[in-house]
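Accompanying notes for the structure given below.
The values are calculated or read from the model by the stated rules, or taken from the named source; none is laboratory data. Not measured: the values here are computed from a predicted model. Heads up, the Cβs are rebuilt from the backbone with ideal geometry, glycines too, and the neighbour counts pull from every protein chain shown.
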């Protein structure tokens, strides 16, 4: 009975906030502009702070570099499976394969994962997210733009674009300050507790905002639901394979920490990046992508519940 209560204590607040977001949308009590402002606040400020802290305080090692490499393999495997499934299932939608790869670690993953594994697990998820960001900006996004007939972007512009992303800046700053010892000096100084408190408040504030935004984005259009559900089920099947690949690689590389495995399992439960919908070339495709990304949060919640049972 106590186990059930513990699980409810973790899961029900998450579901409640998502439901609140949907109610706000249905009643029109919160406008789309407000939600977009919340996304900006999360992505430009709260998320970079979270990533910075997780990488500034984690122990840098060869293991972390290997986890980043595993993330790249996970993304590449998922991307290949997307095109394979498209051929096997005879899917005509050109954006289908691009929703099989990439992970919304930033907006959703970084909000939920600490609820299960506190700050200790963030380093592993942040390391996986570094590989995820690289894959999204240098492989997934250019391929998606090309499929829609968009202009090709030079390597220099790609590098410039990724270096201007606040979450990437947070990651790089965290690694640099950690490697130079500056982060350790700051957190062990008399101001360390104050800095910790400020960062913790920012991390805690982001979680309810993220969940309300996710709930607001849920959409149930019957005209596209068939394709949406097919995409969701295909991604679940693909992620089961990808998760198996990642756990096998962890074993072969000698990475035995359970938190690394949990981070990989949790990342596989996340949807493709929400930014994908920005690059669709018409409103129908944008609605299809947005609906699929929103509904996939059900899978995330189910895996979140499973991990809460395991831990």
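Counting just the residues of region 70-98 that are in a helix (DSSP H, G or I) and free of Cβ contacts under 8 Å to residues at least 40 places away in the same chain, which one comes out nearest to the chain's Cα centre (by Cα)? It would help to see each step written out before you state the result.
Within region 70-98, the first condition is being in a helix (DSSP H, G or I), and the residues that meet it are 70-88, 96-98.
Going one step further and asking which of them are free of Cβ contacts under 8 Å to residues at least 40 places away in the same chain, we end up with 80, 83-84, 86-88, 97.
Numbers: 80: 19, 83: 22, 84: 23, 86: 23, 87: 27, 88: 27, 97: 18 Å.
Once the filter is applied, the top-ranked residue is 97.
Taking the stated definitions as given, is residue 98 over 30 Å from residue 195 (Cα atoms) and touching a helix residue (DSSP H, G or I) at 6+ places or on another chain (Cβ under 6 Å)?
On the way: over 30 Å from residue 195 (Cα atoms): yes; touching a helix residue (DSSP H, G or I) at 6+ places or on another chain (Cβ under 6 Å): yes.
Yes, satisfied.
Restricted to region 13-38, and to residues that are surrounded by fewer than 18 Cβ atoms within 10 Å (Cβ to Cβ) and within 24 Å of residue 116 (Cα to Cα), which residue is nearest to the chain's Cα centre (by Cα)?
15
Just wondering, is there one or more residues in region 54-69 that are at positive phi and either surrounded by fewer than 17 Cβ atoms within 10 Å (Cβ to Cβ) or not in a helix (DSSP H, G or I) (or both)? Reasoning before the result, please.
From region 54-69, those at positive phi are none; that's our starting set.
Taking every residue of region 54-69 in turn, none turns out to be at positive phi and either surrounded by fewer than 17 Cβ atoms within 10 Å (Cβ to Cβ) or not in a helix (DSSP H, G or I) (or both).
Looking only at region 242-266, which residues are more than 18 Å from the chain's Cα centre (by Cα), assigned to a helix (DSSP H, G or I) and either within 13 Å of residue 71 (Cα to Cα) or in contact (Cβ under 8 Å) with a residue 40 or more places away in the chain (or both)? Walk me through how you get there before you give the answer.
Here is the first cut: in region 242-266, the ones more than 18 Å from the chain's Cα centre (by Cα) are 244-245, 247-258.
Right, trim to assigned to a helix (DSSP H, G or I) and you get 244-245, 247-252, 258.
Those that are more than 18 Å from the chain's Cα centre (by Cα), assigned to a helix (DSSP H, G or I) and either within 13 Å of residue 71 (Cα to Cα) or in contact (Cβ under 8 Å) with a residue 40 or more places away in the chain (or both): 244, 245, 247, 248, 249, 250.
Could you tell me which numbered condition residue 101 fails, if it satisfies all but one of (1) surrounded by 24 or more Cβ atoms within 10 Å (Cβ to Cβ); (2) without any contact (Cβ under 8 Å) to a residue 12 or more places away in the chain?
With respect to (1) surrounded by 24 or more Cβ atoms within 10 Å (Cβ to Cβ); (2) without any contact (Cβ under 8 Å) to a residue 12 or more places away in the chain, residue 101 is out only on (2).
Which one of 252, 248, 307, 302 is at pLDDT 85 or above and buried (at least 16 other Cβ atoms within 10 Å of the Cβ)?
Values: 252 fails: buried (at least 16 other Cβ atoms within 10 Å of the Cβ); 248 fails: buried (at least 16 other Cβ atoms within 10 Å of the Cβ); 302 fails: buried (at least 16 other Cβ atoms within 10 Å of the Cβ).
The unique qualifying residue is 307.
Restrict the check to region 35-42 and report whether at least one residue is over 24 Å from residue 302 (Cα atoms), in contact with a helix residue (DSSP H, G or I) (Cβ under 8 Å, 6 or more places away or on another chain), in a helix (DSSP H, G or I) and modelled with pLDDT of 90 or more.
Checked region 35-42: no residue is over 24 Å from residue 302 (Cα atoms), in contact with a helix residue (DSSP H, G or I) (Cβ under 8 Å, 6 or more places away or on another chain), in a helix (DSSP H, G or I) and modelled with pLDDT of 90 or more.
Mind telling me which of the residues 87, 92 ends up being modelled with pLDDT of 90 or more and loosely packed, with under 15 Cβ neighbours inside 10 Å? Step through it out loud before you land on a result.
Details: 92 fails: modelled with pLDDT of 90 or more.
Sole residue among the options that is modelled with pLDDT of 90 or more and loosely packed, with under 15 Cβ neighbours inside 10 Å: 87.
Among the residues that make up region 272-285, is at least one of them under 22 Å from residue 64 (Cα atoms) and either touching a helix residue (DSSP H, G or I) at 6+ places or on another chain (Cβ under 9 Å) or not in a helix (DSSP H, G or I) (or both)?
First, pick out the residues of region 272-285 that are under 22 Å from residue 64 (Cα atoms): none.
Scanning region 272-285 turns up no residue that is under 22 Å from residue 64 (Cα atoms) and either touching a helix residue (DSSP H, G or I) at 6+ places or on another chain (Cβ under 9 Å) or not in a helix (DSSP H, G or I) (or both).
Criterion first (assigned to a helix (DSSP H, G or I), within 24 Å of residue 45 (Cα to Cα) and within 17 Å of the chain's Cα centre (by Cα)) does residue 167 satisfy it?
Numbers: assigned to a helix (DSSP H, G or I): yes; within 24 Å of residue 45 (Cα to Cα): yes; within 17 Å of the chain's Cα centre (by Cα): yes.
When the stated conditions are applied, residue 167 passes them.
Does residue 45 qualify as being surrounded by fewer than 16 Cβ atoms within 10 Å (Cβ to Cβ), within 27 Å of residue 177 (Cα to Cα) and in contact (Cβ under 8 Å) with a residue 40 or more places away in the chain? Break it down stepwise before answering.
On the way: surrounded by fewer than 16 Cβ atoms within 10 Å (Cβ to Cβ): yes; within 27 Å of residue 177 (Cα to Cα): yes; in contact (Cβ under 8 Å) with a residue 40 or more places away in the chain: yes.
When the stated conditions are applied, residue 45 passes them.
What are the pairs, 6+ residues apart or on separate chains, where a residue within region 295-309 that is within 22 Å of residue 225 (Cβ to Cβ) has its Cβ under 6 Å from a residue that is at pLDDT below 85?
From residues that are within 22 Å of residue 225 (Cβ to Cβ), the pairs are 297/214.
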